Structures are given as structure tokens and as C-alpha cells.
Amino acid sequence: MIMDSSRSFGRVVILLSAASGYDVGYLTGTVATGRENYYLSAAEHGGEPPGRWSGRGAADLGLRGEVDAEQMRALYHEYVAPDGTRLGGRPRSEDAQAAREDRIAVKVAEAVAAEGPYVTPERVSEITHEIRSRHGSQVAFFDFTYSAPKSVSLAHAGHLAAARVAREASDGYGDDWHSAHAEHVEHAVRTASAAAIGDLERTALYTRTGHHSASEGEWRTARGAVVASFLQHTSRDGDVQLHVHNAVLNRVQRA
């Protein structure tokens with residue numbers, strides 16, 4: 001999806017891809033605390049930064065700041081709000097849920113074993129995601145991924161690399177200068193992603209109510225989206241690629 005938007009610095013082309021999401025662990029599993037060494041292989045050096053809540057729906061639920069993995073799982077998979085309120089859908093019994101998770105775990109273990117002894121944690125996450133999507137899991141969220149142009153990602157990586165060199169040479173000024181520019185690039189990427197999701201929320205957010213057929217059911221405007229945004233620094237192949245996964249909850253409040 002390409003969204004053409006006129007903003008502060010002229011014409012901006014926002015690249016936004018969309019996919020169905022079945023397991024929030026695919027996103028939260030890449031997160032670790034700390035901000036060091038996000039260069040080339042973020043996962044190798046401690047993981048990606050925590051996600052952040054956004055969207056009017058998130059604010060209505062009292063969700064702000066960093067994403068808590070367990071809170072996100074309860075909301076996105078069981079539709080339980082932070083205050084314990086159920087947001088619709090049939091609750092699964094604990095026994096049925098446990099049995100389903102056991103079946104998925106067995107299939108994941110079999111698939112991982114078939115990959116051989118050198119399977120990476122990232123590949124395990126991909127396998128888990130694929131199996132959940134094939135075995136009756138509901139669509140928990142829609143992943144709208146904003147990808148920065150390659151030149152932006154390379155500029156960011158270059159500043160991080162230069163900051164590291166300066167730090168190793170005890171050059172405090174060079175370290176601060178390049179680190180600040182890297183932060184500016186990240187901020188710009190987050191801002192562009194938020195702008196794209198804001199446009200989506202204002203112009204294309206609807207919900208379906210009732211049983212839909214040729215003569216029944218309605219489409220209603222939604223009040224706002226619940227969005228958990230995860231900035232990531234590398235592609236699945238380990239290449240430099242600044243991008244933001246925006247996991248939009250598959251539940252909205254009617255306006």
C-alpha cells in the first residue's frame with residue numbers, strides 16, 4: 001500500500017504493507033531491555049526496543065507508554081482489557097485453551113526438529129507464527145508495517161557505527177553527535193509510521209455488526225484503533241532495515 005501525503009517537508013510517499021497477525025509473540029519475542037548495539041543484528045545484541053501504545057482506542061482503555069507483553073497477549077488473544085473487562089467474543093475454557101496450546105506446541109516442536117540443529121530463534125518465531133495461522137487461530141490483529149527507504153536505514157546504521165568508533169576512541173563529542181543524529185532518524189521513522197496509521201484511523205476504520213448476508217448486517221464507523229507499534233532495525237535476513245510493525249487490534253469500539 002502506498003499512501004501519498006503532503007506534510008511538513010513536502011511530498012512524502014509512505015510505504016505501508018498489511019498482513020493478518022495471529023500471535024503477538026511474533027512481535028513481543030524480539031523485545032529486550034537496553035538500547036545498545038542496534039546495528040546489523042539487533043536480535044543478536046540484546047533484542048529490539050519495547051513496543052509503544054498508540055491510537056484512540058488504546059487511550060480509551062488506559063494503555064499508554066511501553067507495551068507489556070502479558071497485557072498485550074490478554075487483550076489481543078482473549079479480548080480482556082487491562083481492567084478485566086471482556087471486549088466481546090466467547091471466552092475459552094482454561095482446559096480448551098491449554099489443549100489447543102499443547103497441540104500447537106507439539107506441531108512447532110516437530111517443525112523445528114525438521115529444520116535441523118542450527119535453527120535460529122528468529123526462525124522458531126516464524127514457524128510458530130505459521131503454524132498458529134494454519135490451525136484455527138483467530139486473526140488477533142492486522143500488522144500494518146511501515147518501511148523506511150533503504151537510504152534512511154543506511155544513514156541510521158552509519159551514524160550508529162560512527163558513534164561506536166568514536167566511543168572506542170574516547171571521542172565523547174563524536175559519540176554524542178552521531179548518536180543524536182541516529183536518534184533523530186529513528187524519531188523521523190516513528191513519526192512517519194504514526195502519520196500513516198493516523199490517516200488510516202481517520203479515513204478507513206470501520207466495524208461490521210450483526211450477521212452479514214445480502215440483506216442483513218451493517219458497517220459502522222469505529223471510534224478509534226488500539227495499536228501496538230514495534231520499531232525494528234533489521235530485516236528477517238539480518239539486513240539493515242528500519243521498519244515499524246503496527247499491530248492493530250481486531251476489535252474496535254463503535255463511534
Of the criteria (1) modelled with pLDDT under 80; (2) surrounded by 18 or more Cβ atoms within 10 Å (Cβ to Cβ); (3) not small (Gly, Ala, Ser), which one Arg251 fails: (1)
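Rundown of residues vs (1) modelled with pLDDT under 85; (2) over 30 Å from Asp102 (Cβ atoms); (3) not in a helix (DSSP H, G or I), yes/no style:
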| site | (1), (2), (3) |
| --- | --- |
| Glu130 | yes, no, no |
| Ser151 | no, yes, no |
| Asp176 | no, yes, no |
| Leu200 | yes, yes, no |
| Glu216 | yes, yes, yes |
| Arg223 | yes, yes, yes |
| Phe230 | no, no, yes |
| His233 | no, yes, yes |
| Gly238 | yes, yes, yes |
Please work out if Leu231 is under 18 Å from Ser151 (Cα atoms) and crowded, with 19+ Cβ neighbours inside 10 Å. yes
Filtering the range 167-178 for residues that are under 32 Å from the mean Cα position of the chain (by Cα) and open to solvent by less than 40 Å² (accessible area, probe 1.4 Å) leaves a count of 1
Hits in the range 183-208 - residues which are surrounded by 14 or more Cβ atoms within 10 Å (Cβ to Cβ) and more than 17 Å from Phe230 (Cα to Cα): Asp199, Leu200, Glu201, Leu205, Thr207
Checking the conditions here, which among Ala105, Ala113, Ala58, Ala96 is modelled with pLDDT under 70 and either in contact with a helix residue (DSSP H, G or I) (Cβ under 6 Å, 6 or more places away or on another chain) or assigned to a helix (DSSP H, G or I) (or both)? Ala96
Residue check: is Arg190 basic (Lys, Arg) and at pLDDT 90 or above? yes
Return the total of residues in the range 19-55 being open to solvent by 30 Å² or more (accessible area, probe 1.4 Å), in a loop (DSSP other than H, G, I, E, B) and modelled with pLDDT of 80 or more. 1
Among the candidates Ala81, Ala74, which residue alone is touching a helix residue (DSSP H, G or I) at 6+ places or on another chain (Cβ under 7 Å), over 25 Å from Ala157 (Cβ atoms) and modelled with pLDDT of 80 or more? Ala81
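The values are calculated or read from the model by the stated rules, or taken from the named source; none is laboratory data. All figures in this text were calculated on a predicted structure; none of them were measured in a lab. As a convention, Cβ positions derive from the backbone with ideal geometry for all residues, glycine included, and neighbour counts pool all protein chains shown. Ligands, DNA and RNA are excluded from the accessible area calculation, which covers all protein heavy atoms including side chains. Shrake-Rupley method; radii C 1.70, N 1.55, O 1.52, S 1.80 Å.
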